[in-house]
Each structure stands twice: as structure tokens, then as C-alpha cells.
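> Sharing a structure below in C-alpha cells format, with a few things to ask.
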Amino acid sequence: MIVIEILIAGIALFHVFAFVMESVLWETPRARRIFNTTPETARATRVLALNQGVYNLFLAAGLVWSLTATDPVGYETKIFFLSCVVIAGVVAGFTVSKRVFIVQAVPALIALALVLTSSN
């Protein structure tokens, strides 16, 4: 069970990192390098990035909630928010890059499979 919790915590931290990059640091050289954008594109898309970052923060909050809630709510919340992360990662994999699928969806798929096969 501790492996699942560590994995979920790591996924939550990834989404906090994404929030910071998209909502706070979007126009910085580091964020532009990570997201492969130019200064002009970053400036033009900063409001969209802010919105996307907030969604990532909601995913992180839900994952943290899943780690702190008692069962059955904790178990069900893990399934719901990990499923949301998987869906977001699949969509981003098709629309942005396959790298996003690997970084976002694959860890969530692994965690989801572990949650579903663990004894609750």
C-alpha cells in the first residue's frame, strides 16, 4: 500500500509542478524550454496556460485528498482522480505530444492498476 501512496504523491507533485510552470512561470526561459514555446507564443497563450495550470492544481488537490481520506472515500477518490489524470494524459498525448502521454498518463495508469488490484 505504501508503494501506491508514494506513486500517487509523486503524481500529485508532478501536477503541482505543472501548475507552477503553466500558471506562474509560463513566460520564463525554463517553462518555454519545457513546453517548446517562443517568447511570442508564451505571451500570446499565457491566459490559456494559466487556466490549464489551475486544472493541474485541481488534479493534485484531488490526489492529495485521496491520500488523506479514509476508505471507502479514499479508495474511490483515488480511482476517480487517477482516471482523470489518465484521460487528461491520453488527450494530451494525441493533441500535444506522445511525451506528455508517457510522463502523465503512464504513471497514473500504473497507480490506477495497483489501486484496483490492491485489497481495499
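> Only residues in the stretch 65-90 that are free of Cβ contacts under 8 Å to residues at least 12 places away in the same chain and over 11 Å from L112 (Cβ atoms) count as the first member; pair them with residues that are of a type outside the set (F, W, Y) and assigned to a helix (DSSP H, G or I), Cβ under 7 angstrom, at least 6 apart or cross-chain, and list the lot.
A69/T77; G74/S66
> With the stretch 1-94 as the region, which helices (runs of 4 or more DSSP H) entirely inside it contain at least 3 residues that are hydroxyl-bearing (S, T, Y)? Break it down into steps so the answer makes sense when it comes.
On the way: elements: 2-19, 29-35, 39-68.
Filter on the stretch 1-94 gives 39-68.
> Which ones in the stretch 65-114 are of a type in the set (K, R) and open to solvent by 60 Å² or more (accessible area, probe 1.4 Å)?
Residues of the stretch 65-114 of a type in the set (K, R): 78, 98-99.
Those that are of a type in the set (K, R) and open to solvent by 60 Å² or more (accessible area, probe 1.4 Å): K98, R99.
> If you don't mind, another one. Among the numbered criteria (1) in a helix (DSSP H, G or I); (2) small (G, A, S); (3) open to solvent by 80 Å² or more (accessible area, probe 1.4 Å), which single criterion is violated by S119?
Checking S119 against (1) in a helix (DSSP H, G or I); (2) small (G, A, S); (3) open to solvent by 80 Å² or more (accessible area, probe 1.4 Å), the one that fails is (1).
> Considering each residue of the stretch 9-33, count those that are within 21 Å of K98 (Cα to Cα), free of Cβ contacts under 8 Å to residues at least 40 places away in the same chain and open to solvent by 50 Å² or more (accessible area, probe 1.4 Å), and give that number.
4
The values are calculated or read from the model by the stated rules, or taken from the named source; none is laboratory data. Just so it is clear, the structure is predicted and the values come from calculations on it, not from any experiment. Virtual Cβ from ideal backbone geometry, glycine too; neighbours counted across all protein chains shown. For accessibility, only protein heavy atoms count, side chains too; no ligands or nucleic acids. Shrake-Rupley method; radii C 1.70, N 1.55, O 1.52, S 1.80 Å.
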